[in-house]
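Report on one structure; see the data block that follows.
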Amino acid sequence: MPSMLVTSKAVQAGAAAAVTGFGDGTAAAEELLFTVDQLMGDGDCESAVAALEAGAHRLTTRFGPDTPGLLPIYGQLALLKFVEGKYEGALHAAQRCYAAAVQREGEGSRGTLPHAVRYGVMLLASGDTAGALPLLHSSGCQLELHVRQLEAAAAALPSRAELGQLQGMMEELFDCAVALGEATFYHSLGRIARSNHSKEAILREEGGLLDGLETLKHSLEANHIILVAALREHSRLVSRALERGQKLSHIELALQHKRLHDNVRAAVMFDLPSDDED
């Protein structure tokens, strides 16, 4: 069963290994993330969140609040709380994760950008459109550049390059590509929300929504929790327009949601084995 964690093993291990030589919690962090991945594979998001919260508490108590091993744990905690619809908790975890990443690697660094996007998504989900949009836009622009550079670098690797070198580069490309897809999708979603669901913005931003989904589909299976959550967040816009009595906007958003849903569903149908396959 494919991993439901979004952060690659390279980033998980790298964040934890940053404390090597300081009586670190590397093994504990990696073991916890493996356990969470298994729980998510079984569809048990509630237990996965509980395990992450307990693990974060243990690592903080033993190694202190600045332990880098906490970074991937808070990143996954933000994602899973977001999936559960617990937006306040998701925002708190994403903020801690982003702050830790900036402290360790510096603002705007390649390793920090996926955490910046995750924080921007949580800001948007919590209603802070003004705070989310600049972060998603700037991070998305930088990620687009990094993805192109990584793709070119991977293609230019000599055939005698070590497997580990190529694997590390591809895992970094995976993280940047997923973050780019999220940044693109949610930036367009935020612009629709900021426009108060205007028909013009709904139609104008559909290209960004579809581009974001397409980028995500290149890296993730169509039933991945990140894609499921993206469609759910668009559905929240549909419901909000209805609650505000914006009949025309509600219709446009509902039709748009069907197009987005069909786009993702097409990927699921494409991946299904044919009747002729064993």
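The values are calculated or read from the model by the stated rules, or taken from the named source; none is laboratory data. Because the structure is predicted, anything quoted here is derived from the model rather than measured. All Cβ positions, even for glycine, are placed from backbone atoms using ideal geometry, and neighbour counts span all protein chains on display. For accessibility, only protein heavy atoms count, side chains too; no ligands or nucleic acids. Shrake-Rupley method; radii C 1.70, N 1.55, O 1.52, S 1.80 Å.
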> Filtering segment 82-137 down to residues that are closer than 19 Å to A177 by Cα and of a type in the set (S, T, N, Q), which residue is least open to solvent (accessible area, probe 1.4 Å)?
Replying inline: T112
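Residue-wise test of (1) outside any helix (DSSP H, G or I); (2) hydroxyl-bearing (S, T, Y); (3) open to solvent by less than 10 Å² (accessible area, probe 1.4 Å).
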site	(1), (2), (3)
L143	no, no, yes
Q149	no, no, no
A155	no, no, no
P158	yes, no, no
Q167	no, no, no
F174	no, no, no
A183	no, no, yes
G190	no, no, yes
A201	no, no, yes
>> Can you go through Q167, Q149 and tell me which one is farther than 26 Å from G207 by Cβ and modelled with pLDDT under 95?
In response: Q167
>> Report every pair of residues separated by at least 6 positions or lying on different chains whose Cβ atoms are under 8 Å apart, first residue within segment 187-208 and at negative phi, second outside any helix (DSSP H, G or I) and surrounded by 18 or more Cβ atoms within 10 Å (Cβ to Cβ).
In response: S188/E205; L189/E205; R191/E205; I192/E205
